Amino acid sequence: QVQLVESGGGLVQPGGSLRLSCAASGSIFSINAMDWYRQAPGKERELVATITSGGSTKCADSVKGRFTISRDNAKNTVYLQMNSLKPEDTAVYFCNADVTTTTLLKRVYWGQGTQVTVSS
């Protein structure tokens, strides 16, 4: 009914950059907050960054100054610009969205994830 699809992951060298995208589609009335999470092998899923419908952002301390979250409401898309990447940023990155559907149901939806690998 509502789908989120991530793209933009891949293999980069330390110090490099990637931009992740996540597009939401389906029976969407509105989207409130949109978030990026990541999960590395053997670790819990952690919140990386969040952005409200009004554009207010927060980032985890581990990525502040390096990552930037943004959104394009006309495209129902959230982005994560990742600069100065470190090996410890290696993880599967997931987007999620707080969605009100066209039937006015409120749900959180998750994408399937995109792999980011930072290695020399």
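The values are calculated or read from the model by the stated rules, or taken from the named source; none is laboratory data. Just so you know, these numbers come straight off a predicted model, no measurement behind them. Glycine gets a Cβ as well: all are built from the backbone with ideal geometry, and neighbour counts include every protein chain shown. Note: accessible area is taken over every heavy atom of the protein model, side chains too, but ligands, DNA and RNA are not part of it. Shrake-Rupley method; radii C 1.70, N 1.55, O 1.52, S 1.80 Å.
Residues in the stretch 86-114 that are aliphatic (A, V, I, L, M) and in contact with a Leu (Cβ under 7 Å, 6 or more places away or on another chain): Ala97 alone. Annotation for the stretch 87-98: at least one member residue is in contact with a Pro (Cβ under 9 Å, 6 or more places away or on another chain), touching a residue at least 24 places away in the same chain (Cβ under 8 Å) and open to solvent by 50 Å² or more (accessible area, probe 1.4 Å).
Scanning the stretch 105-113 turns up no residue that is among the β-branched types (Val, Ile, Thr) and surrounded by 13 or more Cβ atoms within 10 Å (Cβ to Cβ).
From the list Lys64, Lys58, which residue is without any contact (Cβ under 8 Å) to a residue 12 or more places away in the chain, open to solvent by 20 Å² or more (accessible area, probe 1.4 Å) and not in a loop (DSSP other than H, G, I, E, B)?
Just one listed residue meets the conditions, Lys58.
Identify all residues within the stretch 1-55 that are under 13 Å from Cys95 (Cα atoms), open to solvent by less than 40 Å² (accessible area, probe 1.4 Å) and either touching a His at 6+ places or on another chain (Cβ under 6 Å) or part of a loop (DSSP other than H, G, I, E, B) (or both); write none if there are none. Of everything in the stretch 1-55, those that are under 13 Å from Cys95 (Cα atoms), open to solvent by less than 40 Å² (accessible area, probe 1.4 Å) and either touching a His at 6+ places or on another chain (Cβ under 6 Å) or part of a loop (DSSP other than H, G, I, E, B) (or both) turn out to be Gly8, Gly9. In a residue-by-residue description of the stretch 51-65, the property of being out of contact with any helix residue (DSSP H, G or I) (no Cβ under 7 Å at 6 or more places or on another chain), among the basic types (Lys, Arg) and closer than 12 Å to Met82 by Cβ applies to no position.
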